[in-house]
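Novice: My structure is below; once you've seen it, I'll send some questions.
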Amino acid sequence: MKSFLLFLFSMLLFLGSAQAQNKAFEKLNFILGKWEGTGSGFGSQQSSIESSFQLVMNGTYIEVSNESQFEPTADNPQGDHHIDKGYISYDKSRQALVFRQFNNEGYINQYVLNGSASNDSVLVFETEHIENFIPGGKARWTIQKISDMAIETTFDLSFPDKPYACFGTNKLQKK
């Protein structure tokens, strides 16, 4: 009987934890799925982009994948190919959504969702740490719901003692 009660208690803790995790991701539901579209900025005139936001590992994380192909320019006749991948998790101790992003340029960003700047149709992630970037630099990634089938993402950078400036924007349609 004692072992059954211990098992039941463990299951209740697990289910409560899973429900808290799923509830934390509710405000991100509109980004789940596969997306494609175009980008502008990022040091080039145009890019094509494919993005994916998928629940993984029994809904414990949201896996994020972005891949952009930038058109050639006079300064860069080869064009550029940007890849970033990461995971959004729920940090229970801080009660915060955290996005850890790794990209092929060697930057590793750790963002936290800014709850006061976010709402049902806008998500604002701000870095709390950037690895391999200028000390004191910051990044902000904003996702705005345009409709059930369209989102727009904006990537802003801030250099030390400077305000944020838009580095690029993507307009995406759900596949």
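The values are calculated or read from the model by the stated rules, or taken from the named source; none is laboratory data. Predicted, not measured: the structure shown is a model, and the values here were computed from it. Every residue, glycine among them, receives a Cβ derived from its backbone with ideal geometry; neighbour counts consider all protein chains shown. Ligands, DNA and RNA are excluded from the accessible area calculation, which covers all protein heavy atoms including side chains. Shrake-Rupley method; radii C 1.70, N 1.55, O 1.52, S 1.80 Å.
Novice: Can you tell me, using C-alpha contacts under 8 Å and at least 6 residues apart, the relative contact order of the chain as a whole percent?
Specialist: Across the chain, relative contact order equals 17 percent.
Novice: Per-residue accessible area for Met149 at 1.4 Å probe radius, Å² rounded to 10?
Specialist: 100 Å²
Novice: Would you mind getting the accessible area per residue of the stretch 1-174, heavy atoms of the protein chains only, 1.4 Å probe, in Å²?
Specialist: With all protein chains present, the stretch 1-174 gives 60 Å² per residue.
Novice: Here's another thing I want to ask about it. Grab the beta carbon distance between Lys92 and Asn114, set R0 = 22 Å, and tell me the FRET efficiency rounded to 0.05.
Specialist: 0.75
Novice: Excluding Pro135 itself, what net charge comes from residues whose Cβ is under 15 Å from its Cβ, given Lys and Arg +1 and Asp and Glu -1?
Specialist: Taking every Cβ under 15 Å from that of Pro135, the sum is -1.
Novice: Just how much of Asp148 is accessible, in Å², when a 1.4 Å probe is used and the result is rounded to the nearest 10?
Specialist: The accessible area comes out at roughly 110 Å².
Novice: Could I ask something else about it? Give me the lysines in straight-line cross-link reach of Lys85: C-alpha distance below 16 Å, same-chain residues under 8 apart excluded.
Specialist: Lys85 reaches Lys34.
Novice: As a test of the formula, what do you get for the chain when each DSSP H run with n ≥ 4 contributes -39,500 (n - 2.57) and the sum is divided by the residue count, at 222 nm and rounded to the nearest 500 deg cm²/dmol?
Specialist: Value at 222 nm, helices only, nearest 500: -5000 deg cm²/dmol.
Novice: Restricting attention to the stretch 78-158, which trypsin sites (Lys or Arg not before Pro) occupy a DSSP loop and are surrounded by at most 15 other Cβ atoms within 10 Å?
Specialist: Loop-located and lightly packed - Lys92, Arg94.
Novice: Please work out how much length the chain gains when fully extended from Lys23 to Arg100, using 0.36 nm per residue of separation minus the C-alpha to C-alpha distance, in nm with one decimal.
Specialist: 25.8 nm
Novice: Give, as ranges by residue number, the residues of the stretch 73-117 whose backbone N falls under 19 Å from the point 7 Å along Cα→Cβ of Gln46.
Specialist: 73-82
Novice: Tell me, what % of the accessible area of the stretch 1-174 is carbon and sulfur with a 1.4 angstrom probe?
Specialist: Ligands and nucleic acids excluded, carbon and sulfur reach 55 percent.
Novice: Taking the chain as the reference, fit the longest principal axis to its C-alpha atoms, fit the long axis of helix 2-25 to the helix C-alpha atoms, and give the angle between the two in degrees, 0 to 90, nearest 10.
Specialist: 30 degrees
Novice: How many nm is it between the label spots at Thr38 and Lys175, if each spot is 7 Å from the Cα in line with the beta carbon?
Specialist: If labels sit at Thr38 and Lys175, their model points lie 2.0 nm apart.
Novice: Just to confirm a number: summing +1 for Lys and Arg and -1 for Asp and Glu over residues other than Gly106 whose beta-carbon lies under 12 angstrom from that of Gly106, what do you get?
Specialist: Taking every Cβ under 12 Å from that of Gly106, the sum is -3.
Novice: Compute the signed sum of charges (Lys and Arg +1, Asp and Glu -1) over the other residues within less than 14 Å, Cβ to Cβ, of Asp156.
Specialist: With Lys, Arg at +1 and Asp, Glu at -1, the neighbours total +1.
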